[in-house]
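Notes follow once the structure below has been shown.
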Amino acid sequence: MLNKNQAKKRIEELRAQTEYYANKYYNEDKPEISDFEYDMLMLELRNLEKEYPEFVSEDSLTQHVGGKAKEGFKKVEHKIPLLSMQDIFNIDEILDYVNKIRERAKTENIENNNFVVETKIDGLTAALEYKNGEFVRGSTRGNGLVGEDVTENLKTIKKIPKKLKENIDITVRGEVFISKADFEKMNQEREENEEELFANARNAAAGSLRQLDSAITKSRPLDIYVYNVQEIKGKTFNSHYEELLYLEELGFNVNPVKIFCKTPEEVKKAIEKIGEDREKLTFGIDGAVIKVDDLAFREILGTTAKNPRWQIAYKYPPEKKETKLIDIVCNVGRTGVITPLAILEPVQVAGSTISKTTLHNQDFIKEKELKIGDIVVIQKAGDVIPEIVEVKKEKRTGEEKEFEMPTVCPICGAPAIREEGEAAIRCTGVECPAKLYRNLVHFVSREAMNIDGLGENIIDQLMNKDLISNIADIYALKFEDIASLKKNGKKFAENLTNAIQNSKSNELYRLITALGIRHVGTKAAKVLAKKFKTLDNLANSDFDTLSEIDDVGPIVANSIVEFFSQEQTKDLIERLKQYGVNMEDTSKANEDNRFEGLTFVLTGSLESFTRDEASEIIENMGGKVSGSVSKKTSYVLAGEDAGSKLTKAESLGINVISEEEFKDMIK
């Protein structure tokens, strides 16, 4: 039991902690602790404030919603506040709540004292506004009173109807989310592309919806379930359940789990049923929501500053199980990242059998102090990804073994390195079979050797038929091999054969880009090609020479030296030479440097040029092309359907030019 001074100090500590973690979760979409850990901090804070009401402050997260509107979006004031819910972690407290509501219904002469129990979807709240049946605006919750206008982003979600089946004015509330399967696929792709993994599906959805560029949102597999009518004109309802059925008739994708309950016993069974079935659900949940069904009764019950009194959330505790870490093996991803994988004695967690899980990297293993043979505690992060959360050191027998990451690739034997500032250890072999597919896709891509027609599907087929086992094999492909990939494939084979043949005479910078040297993109490749003139000169250059070059520096220099020192690299270059691939810089020095010192940003669709063509023109005239707008930007070349880059340029007072103006500049 805390005394008054201790309670005050602890309340202040909890407020600071919850504000920090809430900002990471709601505003930065980068949570640092689990939902359960955060919930426990909030529960402690709520209980202390209840015990010591003199210390309650409007600044406390118990009194307001944690989110805020993000800079860059228009603000939207919610006519009907989008409030959050009070969380309960004890089923008996839920039943107390239900019984109190039913008693209140009797005193108010409310005949409908029923409830609807729904899944609490783990996503981001959104409000959808319709005028005369047309979708006109969508917004995030923000702080409950003011949110962000994300209309264009919401329009990219296929499950949101652009036109309802009735011409009606209505505002609804829903939850934007990413399904379990899509989330796993997204993280797998991000891991292969060496991108930071999303911590959980909720933050992935939130980060995707709150993108200033709607093209990014469109590329993410967002979904939505609608679960409440905020405002409606021309129609009245008595029951929440009746409203949900009407929303389905209008064409909305309504929360599929909605259980009508007449008694406290039925409410308890509904909560238990959702808990039993949560593993089978295709979407993640973080609890069950208990709602009063009678809408007039809701008005009587009212709200607090933060929570409606007519609904409450039950949070399920995360299920944890002990098992044994049998072994640690290493997988090599398509980018060469070597990832340790825990092999476990199979154990049932949250309805599924877990026999393995990623250990991420060497730092994770050291942080957890993991040893082969340890007894470990497993739980599912966000009900999706199994993870090791604890080691039972007290159960060690002395037979456990230390694990060290390999110093050579377990697939091809090339050196495995960890660069300064990185957690990942990666294979350096250019011919590593594990990296072959990705290396091939990159080699033939538009920014590299630009072999038109040799796309991912064709590469897949060539690999499956064992026609390619090395990048250089592209130049050994026979006409009949290519023709066999398609029905009546002679014309396709002719075009692809010509594209492969033409790529041999590409500029040197394209070959340097295509080799996939770590940290060397098109920009650096052009600098290197002009500096060294031949690939042999570049391959024989030393660290000191390379590190002194602008746009290179010590990190890139080290990567180049390491790459060309490999026997696999030397073998590949020799074979490419034999096939006649150009190894020399044949570009002419710029005679026209009219754009020297100027930086351009391109946005929207251009009619007369592709983005690459326009960029090449600018660079050939001495200018630079950047992917983002800043105060250092000289011009923004804006085509049709220009997006957020145009908006930012206008806000910063950057010169915006049309395609016609650009043509005049390059005459």
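Filtered by the rule that a residue be part of a loop (DSSP other than H, G, I, E, B) and within 10 Å of the chain's Cα centre (by Cα), the stretch 194-205 gives E195, E196, L197, F198, A199, N200. Would a scan of the stretch 602-621 turn up a residue that is under 26 Å from K74 (Cβ atoms) and among the basic types (K, R)? No, that holds for no residue. For the stretch 490-521, the tally of residues that are surrounded by 17 or more Cβ atoms within 10 Å (Cβ to Cβ) and either of a type outside the set (S, T, Y) or farther than 24 Å from Q461 by Cβ (or both) stands at 16.
If we scan the stretch 257-274, do we find a residue that is touching a Ser or Thr at 6+ places or on another chain (Cβ under 8 Å), in the same structural domain as G138 (by TED's automatic domain parsing) and under 26 Å from N113 (Cβ atoms)? Yes - at least one qualifying residue is present in the stretch 257-274. When I178 is tested against (1) over 25 Å from V116 (Cα atoms); (2) at pLDDT 90 or above, only condition (1) is not met.
Yes/no matrix, rows are residues, columns are (1) of a type in the set (A, V, I, L, M, F, W, C); (2) surrounded by fewer than 17 Cβ atoms within 10 Å (Cβ to Cβ); (3) part of a helix (DSSP H, G or I):
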{"site": "G142", "(1), (2), (3)": "no, no, no"}
{"site": "E148", "(1), (2), (3)": "no, no, no"}
{"site": "I157", "(1), (2), (3)": "yes, no, no"}
{"site": "G207", "(1), (2), (3)": "no, no, yes"}
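Applying the criterion of being in a helix (DSSP H, G or I) and more than 38 Å from the chain's Cα centre (by Cα) to the residues of the stretch 523-570, the residue that is surrounded by the fewest Cβ atoms within 10 Å (Cβ to Cβ) is D544.
Each row is one residue, and each column tells you yes or no for (1) assigned to a strand (DSSP E or B); (2) within 28 Å of the chain's Cα centre (by Cα); (3) within 26 Å of A448 (Cβ to Cβ).
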{"site": "R594", "(1), (2), (3)": "no, no, no"}
{"site": "G597", "(1), (2), (3)": "no, no, no"}
{"site": "F600", "(1), (2), (3)": "yes, no, yes"}
{"site": "E613", "(1), (2), (3)": "no, no, yes"}
{"site": "I618", "(1), (2), (3)": "no, no, yes"}
{"site": "V625", "(1), (2), (3)": "yes, yes, yes"}
{"site": "L637", "(1), (2), (3)": "yes, no, yes"}
{"site": "A642", "(1), (2), (3)": "no, yes, no"}
{"site": "E650", "(1), (2), (3)": "no, no, no"}
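Looking only at residues in the stretch 209-226 that are under 11 Å from the mean Cα position of the chain (by Cα) and not in a loop (DSSP other than H, G, I, E, B), the one that is farthest from E148 (Cα to Cα) is I216.
Number of residues in the stretch 415-445 that are assigned to a loop (DSSP other than H, G, I, E, B) and either in contact with a Gly (Cβ under 8 Å, 6 or more places away or on another chain) or at pLDDT 90 or above (or both): the value is 5. Put simply, of V561, V556, V581 the only residue that is free of Cβ contacts under 8 Å to residues at least 60 places away in the same chain, in contact with a Phe, Trp or Tyr (Cβ under 8 Å, 6 or more places away or on another chain), among the β-branched types (V, I, T) and under 22 Å from E431 (Cα atoms) is V561.
Kindly provide the set of residues from the stretch 165-178 that are touching a strand residue (DSSP E or B) at 6+ places or on another chain (Cβ under 6 Å) and either in a loop (DSSP other than H, G, I, E, B) or not assigned by TED's automatic domain parsing to the domain that holds Q230 (or both), ordered by number. Within the stretch 165-178, just D169 meets the criteria.
For first residues located in the stretch 393-405 and closer than 20 Å to K366 by Cβ, partners that are of a type in the set (D, E) and lie 6+ apart or on another chain with Cβ distances below 7 Å form the pairs R396/D374; E400/D374.
Does the stretch 311-321 include one or more residues that are under 23 Å from R396 (Cα atoms), in a strand (DSSP E or B) and charged (D, E, K, R)? Yes, the stretch 311-321 has at least one match.
Screening P318, P340, P308 for residues that are closer than 30 Å to G421 by Cα and of a type outside the set (V, I, T) leaves exactly one candidate, P340.
Residue count for the stretch 429-446 under the criterion of being surrounded by 15 or more Cβ atoms within 10 Å (Cβ to Cβ) and under 27 Å from the mean Cα position of the chain (by Cα): the result is 12. For the stretch 487-508, taking the residues that are hydroxyl-bearing (S, T, Y) and in contact with a helix residue (DSSP H, G or I) (Cβ under 9 Å, 6 or more places away or on another chain), the one that is nearest to M583 (Cα to Cα) is identified as S503.
A single member of I312, I338, I271 is modelled with pLDDT of 95 or more and farther than 24 Å from A127 by Cβ, and it is I271.
For the stretch 350-401, the candidate set comprises residues that are under 26 Å from the mean Cα position of the chain (by Cα), of a type outside the set (V, I, T) and in a loop (DSSP other than H, G, I, E, B); within that set, the residue that is modelled with the highest pLDDT is L359. Would you check which residues across the stretch 470-505 are assigned to a loop (DSSP other than H, G, I, E, B) and of a type in the set (S, T, Y) and list them? S484, S505, listed by residue number.
Yes or no, residue by residue, for (1) buried (at least 17 other Cβ atoms within 10 Å of the Cβ); (2) modelled with pLDDT of 90 or more; (3) more than 21 Å from I512 (Cβ to Cβ); (4) of a type in the set (V, I, T):
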| site | (1), (2), (3), (4) |
| --- | --- |
| L572 | yes, yes, no, no |
| N593 | no, no, yes, no |
| F600 | yes, yes, yes, no |
| E613 | no, no, no, no |
| V625 | yes, no, no, yes |
| A642 | yes, no, yes, no |
| V656 | yes, yes, yes, yes |
| K663 | no, yes, yes, no |
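Counting only residues that are outside any strand (DSSP E or B) and small (G, A, S), the stretch 271-293 holds 2 of them.
A residue that is at pLDDT below 75, of a type in the set (S, T, Y), closer than 18 Å to N307 by Cβ and surrounded by 14 or more Cβ atoms within 10 Å (Cβ to Cβ) occurs somewhere in the stretch 26-36.
The values are calculated or read from the model by the stated rules, or taken from the named source; none is laboratory data. This structure is a prediction, so every number in the text was calculated from the model and none was measured. Here Cβ is always computed from backbone atoms with ideal geometry, including for glycine, and neighbour counts include all displayed protein chains.
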